[in-house]
Amino acid sequence: MEYLLRAEHVTKEYARHRALSNVSMHVPEQSIFGLLGPNGAGKTTLIRIINQIIGADEGSIWFNNEVLKPKHVHEIGYLPEERGLYKKMKVGEQALYLTRLKGLKGHEARKKLKEWFERFELTPWWDKKVEELSKGMQQKVQFIITVLHNPRLLIFDEPFSGFDPINVNILKEEILNLRRNGSTIIFSTHNMGSVEELCDNIALINKSEKILEGEVHQIKKAFKSMIYEAEVDQLQKPLTEILDRRFTLIRSEKQNGIMTIRVQINGHSTTNDLIEALLPAAQVLSFKELTPSMNDIFIKKVTGKFPLEK
Amino acid sequence: MSKTATIIKREFLSRVKKRSFIVMTILGPLLMAAIIIVPAVVAQLSDSDYNIAIVDDTRLFYDRFDDTNNILFTPLSTNIDRAIEFMHEDRFDAVLHIPEIAFEAPSSLRLFSEKSVNFNAKLLVERILQTEFESLKLGHAGIDKEILKAIETPINIQAIRIKDDGELITDYPEVSMGLGFVSGFLIYIFIFLFGSQVLRGVLEEKTSRIVEIIVSSVKPFQLMMGKIVGVGMVGLTQFLIWIVLTFAIVTTFQVIMPDLFRFTPDEQVFVTSTQVLSAEEMEKQKEQIQQFDTTAGQIMQGLSAINFPVMIFSFIFYFLGGYLLYAALFAAIGSAVDNEADTQQFMLPVTIPLLLSIIMAQMVISNPSGPVALWLSMIPLTSPVIMMVRIPFGVSYEEIALSAGLLVIGFIFTTMLAARIYRTGILMYGKKTSYRELWKWIRHA
């Protein structure tokens, strides 16, 4: 596979603690990559190293099969977690300034900015000071500044924190658009649920170490829980008699006459075996597999147990 | 355009376009011009005449009181009660009474007035009477006026400096003092004003959280230097506008009202000489003294002794060198803290050498070639102010070169130090930074 960005055995230590130990990560071209992990796991450190804001102590970063160099900043767009603008500076002027620092020429930047401002309905605010804008509008401006120079790699650190739901949807739309047009996107977030449906690949980081990496659907397959939930009615026999040693009953709950049971299938048994066991003894109202979320997988990886198993 | 240039341009323009900059740039020269012009105007305004009637019961001193510019004497032959009535009729501002016994008992002298007495007039009257009484007493003691005249020996030493090449130049320490102190003080003000602007600028970028966006495009060092240079250019611009405008305003006034600036010698000086000098002699002496003693004349002579190319060149050099040295430190402080209140603990060690140099400037002025002056003008933290104080007195090129070299090394050093603190500091939020922390940043960077 063609990787746009590779991190190889990256280690970074601060005066007091180790932020990254021997982390490798491979981001395929034109994919959406989720860099997931709890707060303080080292995500922002890794992103800052990719952005060449800080240097790694050991290991290397490869961009487009070249060792990462200062010239690559023009091919990367970065929306940091801690983001802001000059409050007293005019919106348009500021956007021009920041994109010029990304290597864009003045007239080209102006033309593109006008287009984006039009698209995000920001045109009337071009000559206003940033402090006059609502928070949502400021975030749109920051987003535009991040993507304006058409970077091959976009990095969003906690992109949805602080965005209202409407803007989150606009943002997701635009991000999918950008990928369609050839960009590669890295999302970094501790809120794993928020990007799960967007990501093609993920890497999980915990306490400075990468604990998992791969394609989302393959990870999900590998972490099949084999836990199923069924709603049953008119039980003929006690559950302990219905479910033999091939199954483990995790939980049963009766509400309004309907029994909800959660069962794990052991060994080489299949869903058919479970259904076969249930059918003669009860009326099966529903039957579904409990697929673990990224969050569940993370917890399983860290603690060895799915939160579903209770 | 390089990125650093883009940053410099923004830092410069965003400040120059601010209303406060425009206001200060216009108000500054107005204030400076006012300092020069207002005293001259006030001096002219206060020139209303002050009339003193003299009632001399001894009849010895009537002709001894000569009018000055604005103090006029009128001898009256009436008695004192009548004279006071005249004063009440507003014909005089004050009445001087010299009673019969004045010569034996000077404490019986009286100066009456309705309003509070004019202080200058009182001084003048006292001076005249003292001189007259003294010469009368000398006469009584049998000392001849001619002898007295021969004894009077005015001393006016010309200070001559012998330069290394043997050239002799007349020294005017007063002018050197003034020039040295003013230029040292200007550098001090400039460093403080614009250094703290750098600090606030860095802090603004940090607290508004724009800094991480910027350092993903440029190196932290470029951002820091861009700010320092940009703000420095703002300072230079403002300074140059100030000088040009002040000069323009003062010159305009000189053209419109030339009388204001004609320096006239203090006439009271010559009253004492009336007895011993003929009118002709007095004129001659007057002219002589006028040439030497007028403030304007002395300043002109003093200024002509100053080496202006060296002065101007070194002013610009120390102006910029001092600013660069301190601005880097101010930038480091701004990056290390989260808000303006926290700057205090780090400001102190940076401002102390600056304050010290302006305090020591007074000592340096009184002994510009002494060891304290020499050392302080070599240490880069104090040399910008102290060397500027010394240069008008004449400093050898070797010393200037050494001090300048040390200053360059000094600001390269502080800039490197600051860069290390800066690139870690700008991304640190939340916890209060300690000196130990700073030291770690410097070592680990």
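Within the bounds of the range B:144-159, is there any residue that is farther than 27 Å from residue B:66 by Cα, without any contact (Cβ under 8 Å) to a residue 24 or more places away in the chain, outside the structural domain of residue B:332 (by TED's automatic domain parsing) and not aliphatic (A, V, I, L, M)? Yes. Here the condition is being aliphatic (A, V, I, L, M) and at pLDDT 85 or above; of B:300, B:311, B:387, it holds for B:387 alone. Among the residues in the range A:134-153, are any within 12 Å of chain B (Cβ to nearest Cβ) and within 20 Å of residue A:196 (Cα to Cα)? Yes; the residues of the range A:134-153 include at least one that is within 12 Å of chain B (Cβ to nearest Cβ) and within 20 Å of residue A:196 (Cα to Cα). Scanning the range B:131-151 for residues that are of a type outside the set (Asp, Glu) and under 15 Å from residue B:106 (Cα atoms) yields B:131, B:133, B:135, B:136, B:137. Reported count of residues in the range A:158-193, each being in a helix (DSSP H, G or I) and either acidic (Asp, Glu) or not assigned by TED's automatic domain parsing to the domain that holds residue A:48 (or both), is 2. Residues that are touching a Ser or Thr at 6+ places or on another chain (Cβ under 6 Å) and open to solvent by 60 Å² or more (accessible area, probe 1.4 Å) within the range B:173-220 are absent altogether. What helices (runs of 4 or more DSSP H) completely inside the range B:186-293 contain at least 2 residues that are within 14 Å of chain A (Cβ to nearest Cβ), modelled with pLDDT of 90 or more and out of contact with any Pro (no Cβ under 8 Å at 6 or more places or on another chain)? Passing ranges, in order: B:211-215, B:220-256. Out of all the residues in the range A:2-34, which are touching a Ser or Thr at 6+ places or on another chain (Cβ under 7 Å), in a strand (DSSP E or B) and open to solvent by 70 Å² or more (accessible area, probe 1.4 Å)? Across the range A:2-34, the qualifying residues are A:9, A:18, A:22. Residue count for the range B:86-112 satisfying the condition of being surrounded by 15 or more Cβ atoms within 10 Å (Cβ to Cβ), out of contact with any Lys or Arg (no Cβ under 7 Å at 6 or more places or on another chain) and part of a strand (DSSP E or B): 5. Of note, residue A:214 satisfies the criterion of being free of Cβ contacts under 8 Å to residues at least 40 places away in the same chain, open to solvent by less than 40 Å² (accessible area, probe 1.4 Å) and within 34 Å of the chain's Cα centre (by Cα). Summed over the range B:204-213, the residues that are in contact (Cβ under 8 Å) with a residue 12 or more places away in the chain and among the hydrophobic types (A, V, I, L, M, F, W, C) give a count of 1. Here is a check on your reading of the model: is residue A:102 open to solvent by less than 40 Å² (accessible area, probe 1.4 Å), within 24 Å of residue A:158 (Cβ to Cβ), charged (D, E, K, R) and facing chain B (nearest Cβ under 7 Å)? Here the answer is yes, as residue A:102 does meet what is asked.
Under the condition of being part of a loop (DSSP other than H, G, I, E, B), open to solvent by 40 Å² or more (accessible area, probe 1.4 Å) and not small (Gly, Ala, Ser), the residues counted in the range B:339-372 number 2. Checking each residue in the range A:130-157 for being within 20 Å of the chain's Cα centre (by Cα), assigned to a helix (DSSP H, G or I) and at pLDDT 90 or above picks out A:142, A:143, A:146, A:147. Within the range A:1-22, the set of residues being over 21 Å from residue B:424 (Cβ atoms) and either without any contact (Cβ under 8 Å) to a residue 12 or more places away in the chain or not hydroxyl-bearing (Ser, Thr, Tyr) (or both) comprises A:1, A:2, A:4, A:5, A:6, A:7, A:8, A:9, A:22. Restricting attention to the range A:41-71, the residues that are away from chain B (no Cβ under 11 Å) and in contact with a strand residue (DSSP E or B) (Cβ under 9 Å, 6 or more places away or on another chain) total 17. Hey, residue B:397 hits all of (1) away from chain A (no Cβ under 14 Å); (2) over 30 Å from residue B:184 (Cα atoms) but one; which does it fall short on? Here residue B:397 clears every test but (2).
Within the range B:430-445, being under 19 Å from residue B:341 (Cα atoms) and either open to solvent by 60 Å² or more (accessible area, probe 1.4 Å) or more than 9 Å from chain A (Cβ to nearest Cβ) (or both) holds for B:430, B:431, B:432, B:433, B:434, B:435, B:438. In the condition set (1) within 30 Å of residue B:42 (Cβ to Cβ); (2) not in a helix (DSSP H, G or I), residue B:120 is compliant with all but (2).
The values are calculated or read from the model by the stated rules, or taken from the named source; none is laboratory data. The structure presented is a predicted model; accordingly, all values stated were derived computationally and were not measured. In this analysis, Cβ positions are derived from the backbone assuming ideal geometry, glycine residues included, and neighbour counts consider all displayed protein chains. Accessible surface areas use protein heavy atoms only, side chains included; no ligands, DNA or RNA. Shrake-Rupley method; radii C 1.70, N 1.55, O 1.52, S 1.80 Å.
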